[in-house]
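Since the structure comes first, as structure tokens, the remarks are kept for the end.
The values are calculated or read from the model by the stated rules, or taken from the named source; none is laboratory data. Bear in mind the structure is a predicted one, so any value in this text is a computation, not a measurement. Here the Cβ positions follow ideal geometry from the backbone for every residue, glycine too, while neighbour counts run over all protein chains shown.
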């Protein structure tokens, strides 16, 4: 029987102590629980913490892009050594996988990535994934590891995505964790504050954005903490954290790949008529586009945003951003073909 894929994302705040240092007891706990889950799942572990691990070695650290890149380069090997130490106690070998955006946006490279991960799993090796911060261009960086984990989950057709956070789940206005969310709507978004931890890049709003994308493509998402015993296992059972229901999805592999490259530097804002047409599996015409964002070229995957600036889908652009801008007033010009559009 083929194992399902489980993606686990560990935020900086949940694996570090108050001083920003990696908490070894947490890594030990993660290794023990993950070792149990490998009997049932093929696991991808997306781990933050590299920048936090490396930054104490820099004098007068201010968090500039260059400093973050350098800190990550120092911290990544330290982090992977800790994972190796605690996972090897359970007979599990770990592999470090440093990813960049082109691993998702280029289909040939993405298929090579999947093939490599297949080799890991066939040989009982657990991949620990992080962004390759040292070489990632600022314009092409993942916004945070929530995004990277989500693209991993979509691209690898995961059954479940677990996002571990210091908050322990989505809280209501009384600070109680909401156990289950069938749909992310305005009420759910209303619970979110735009704060984030001092160590990490993400926040609950980032997690809900990633969750909305994943659940729309058939992936169950659980946002949970790591305090307590067997929290990852109990989260999978719906006994802790917040579980977000997956919507039915019959997308084929290529269209899921298209969605996995969804968060790009470019996009278009569409009007209500275009949004309605796309729901009916129509192509996107330039006349339905209100504004172009970013300098994308023909063939790149772009965001489709409605009048409320909500991402409603992604598409492989048939024209460049500059060409679309020139053709906005013209009818019957296709900006993206229906076969290259994924609506969330």
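Can you name the residue in the stretch 121-137 that is out of contact with any helix residue (DSSP H, G or I) (no Cβ under 7 Å at 6 or more places or on another chain) and surrounded by 13 or more Cβ atoms within 10 Å (Cβ to Cβ) and, of all such residues, is modelled with the lowest pLDDT?
Restricting to residues being out of contact with any helix residue (DSSP H, G or I) (no Cβ under 7 Å at 6 or more places or on another chain) and surrounded by 13 or more Cβ atoms within 10 Å (Cβ to Cβ), the top hit is 136.
Taking residue 168 and the conditions (1) at pLDDT 85 or above; (2) outside any loop (DSSP other than H, G, I, E, B); (3) within 28 Å of residue 29 (Cα to Cα), which numbered condition does it fall short on, given that it satisfies the others?
(2)
Looking at (1) out of contact with any helix residue (DSSP H, G or I) (no Cβ under 9 Å at 6 or more places or on another chain); (2) free of Cβ contacts under 8 Å to residues at least 12 places away in the same chain; (3) under 12 Å from residue 343 (Cβ atoms), find the lone condition where residue 279 falls short.
(2)
Just checking, which of 104, 110 is touching a helix residue (DSSP H, G or I) at 6+ places or on another chain (Cβ under 7 Å) and modelled with pLDDT of 80 or more?
Going through 104, 110 in turn, the sole match is 110.
I'm trying to understand the selection: among the residues of the stretch 1-21, which are more than 20 Å from residue 43 (Cβ to Cβ) and touching a strand residue (DSSP E or B) at 6+ places or on another chain (Cβ under 7 Å)?
16 - this is the single residue of the stretch 1-21 that is more than 20 Å from residue 43 (Cβ to Cβ) and touching a strand residue (DSSP E or B) at 6+ places or on another chain (Cβ under 7 Å).
Go through the stretch 331-340 and give me each residue that's over 24 Å from residue 150 (Cβ atoms) and at pLDDT 85 or above.
Passing the criteria: 332, 333, 334, 335, 337, 338.
Report those strands (runs of 3 or more DSSP E) wholly inside the stretch 208-325 carrying at least 1 residues which are farther than 29 Å from residue 31 by Cβ, over 21 Å from the mean Cα position of the chain (by Cα) and modelled with pLDDT of 90 or more.
It comes to 267-270, 289-293.
Given the conditions (1) surrounded by fewer than 18 Cβ atoms within 10 Å (Cβ to Cβ); (2) closer than 21 Å to residue 147 by Cβ; (3) out of contact with any strand residue (DSSP E or B) (no Cβ under 6 Å at 6 or more places or on another chain), which single one is not true for residue 343?
For residue 343, the failing item is (3).
Exactly one of (1) modelled with pLDDT under 90; (2) more than 22 Å from the chain's Cα centre (by Cα) is unmet by residue 53. Its number?
Every condition holds for residue 53 apart from (2).
Keeping to the stretch 326-336, report how many residues are in contact (Cβ under 8 Å) with a residue 40 or more places away in the chain and outside any loop (DSSP other than H, G, I, E, B). Steps first, please.
Our first condition is that a residue be in contact (Cβ under 8 Å) with a residue 40 or more places away in the chain; within the stretch 326-336, this holds for 327-336.
In the following step, the residues that additionally are outside any loop (DSSP other than H, G, I, E, B) were identified as 327, 334-336.
Residues meeting the conditions: 4.
Quick one: how many residues across the stretch 287-322 are touching a strand residue (DSSP E or B) at 6+ places or on another chain (Cβ under 6 Å) and closer than 19 Å to residue 205 by Cβ?
The qualifying residues number 5.
Within the stretch 101-112, which residues are in contact (Cβ under 8 Å) with a residue 40 or more places away in the chain, crowded, with 18+ Cβ neighbours inside 10 Å and in a helix (DSSP H, G or I)?
Answer for the stretch 101-112, where residues must be in contact (Cβ under 8 Å) with a residue 40 or more places away in the chain, crowded, with 18+ Cβ neighbours inside 10 Å and in a helix (DSSP H, G or I): 104, 105, 110.
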